[in-house]
Each structure stands twice: as structure tokens, then as C-alpha cells.
1. Cβ-Cβ under 7 Å, sequence separation 6+ or interchain: first residue in the range 41-62 and closer than 21 Å to ASP74 by Cβ, partner loosely packed, with under 10 Cβ neighbours inside 10 Å and among the aromatic types (Phe, Trp, Tyr). Which pairs?
2. State whether one or more residues within the range 31-39 are assigned to a loop (DSSP other than H, G, I, E, B), at pLDDT 90 or above and more than 13 Å from the chain's Cα centre (by Cα).
3. Just give me the residues in the range 63-91 being in a loop (DSSP other than H, G, I, E, B) and either touching a residue at least 24 places away in the same chain (Cβ under 8 Å) or under 13 Å from the mean Cα position of the chain (by Cα) (or both), in sequence order.
4. Scan the range 43-62 for residues that are among the polar types (S, T, N, Q) and not in a strand (DSSP E or B) and report the count.
Amino acid sequence: MNGSKKRKKYFPNNWKQYKDAPSEWFEDHLFIEVMDWKVHGWQLPPDVCCLIRTTHLETKKVKEYVYKRRKAADNKLLELCKTKTHDICVTTHEAQHFTDHYPNDDSELYEEFDL
């Protein structure tokens, strides 16, 4: 390599074509349509049991954990709730659950996330 770093290949985007296109080419969408489509229309791959997204309360860093097995996800949830350092969002095929508070005992945790 002769001491030089290899750069990633640049893939140009076409933003100028979109910017210059007439507004009639684009369909207007209502806010509720976008919410239904993007927020309420989530889809997880069939082999994924759930996705856990955490936000650290102090640093505001976000991490995602993807699980294929429910038992592993249950263990991670218990670990996160015991540390009391993160906001937690759990997404399954059926629902999304969010908590920004921490249950006093494990029974409240299981009630909240339907585990």
C-alpha cells in the first residue's frame, strides 16, 4: 500500500436533478399519511424476534440490539432496567413499547413490555 490509505469509492447522488424538477412531478402527502406509512408501518425481518433501542440518559448516545431469540432479548431488557441508565424502546412484530421510567420490580417490567 506504500503507506497511503485507500479511500472509499465515491458514489455521486442526484440531488440536483430532484432540486431542478418541477413541483408537479411530486405528490403531496399529509402528515397522517407519512405517520401511518413510516411510523406505524414498521416491518421487522421474519427471523428477528425484536429490536431494542436504548438512549443513554447522560450522553444521549443511541444503541440498537437485534435479537432472534426471545430469551436473549428478555435478559437484555432485565439488564438495562436494572442499570437505570437508559430510555428503552422495544419493537416487536406486533407493537412498539417505550419507557422513560424504571419499574420498581421485575413484575412491573414484565407487565409493561408484555413479556
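1. The qualifying pairs do not exist here.
2. No, because not a single residue in the range 31-39 is assigned to a loop (DSSP other than H, G, I, E, B), at pLDDT 90 or above and more than 13 Å from the chain's Cα centre (by Cα).
3. Selection gives THR85 alone.
4. Going through the range 43-62 one residue at a time, the tally reaches 2.
The values are calculated or read from the model by the stated rules, or taken from the named source; none is laboratory data. These figures come from a predicted structure and were not determined experimentally. Here the Cβ is made from the backbone with ideal geometry for all residues, glycine too, and neighbour counts use every protein chain on show.
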